[in-house]
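To start, the structure under review is shown below, and the notes come after it.
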Amino acid sequence: MILAGGEGLRLRPLTEYVCGDSRPKQFARLLGPQSLLRQTLERTALGIPWARTVVVAHRSHVAYLAEEFAGLAAPQVLL
């Protein structure tokens, strides 16, 4: 289970600077071409396949989740 429901308020100035919008930090690409959420999923996938992984997110993040998992066999998402 990966908790990804925060709003990223403490890092908001940084994510706005890097991404150009106020997306939550887990959906920001701060350290390379992948978002922080994707980096976490990739590390988790070394031992647990995405099919057995649950990402817990807030309903207001649906658009970011759709962007993140477009064209992929996404993990289970619980809103």
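Coordinate-derived values only; no laboratory data. Just so it is clear, the model here is predicted, and its values are computed rather than measured. All Cβ positions, even for glycine, are placed from backbone atoms using ideal geometry, and neighbour counts span all protein chains on display.
For region 25-68, the set of residues classified as assigned to a loop (DSSP other than H, G, I, E, B) and touching a strand residue (DSSP E or B) at 6+ places or on another chain (Cβ under 8 Å) consists of 53, 57, listed by residue number.
Taken over region 25-60, the residue count meeting the criterion of being within 16 Å of residue 78 (Cβ to Cβ) and touching a helix residue (DSSP H, G or I) at 6+ places or on another chain (Cβ under 9 Å) is 9.
Among the residues of region 1-52, those that are out of contact with any Leu (no Cβ under 9 Å at 6 or more places or on another chain), touching a residue at least 24 places away in the same chain (Cβ under 8 Å) and either farther than 19 Å from residue 65 by Cβ or exposed (fewer than 14 other Cβ atoms within 10 Å of the Cβ) (or both) comprise 3, 51. Here residue 73 qualifies as free of Cβ contacts under 8 Å to residues at least 24 places away in the same chain, of a type in the set (A, V, I, L, M) and either surrounded by 11 or more Cβ atoms within 10 Å (Cβ to Cβ) or part of a loop (DSSP other than H, G, I, E, B) (or both).
Residues of region 53-65 that are among the small types (Gly, Ala, Ser) and either surrounded by 14 or more Cβ atoms within 10 Å (Cβ to Cβ) or closer than 9 Å to residue 4 by Cβ (or both): 57 alone.
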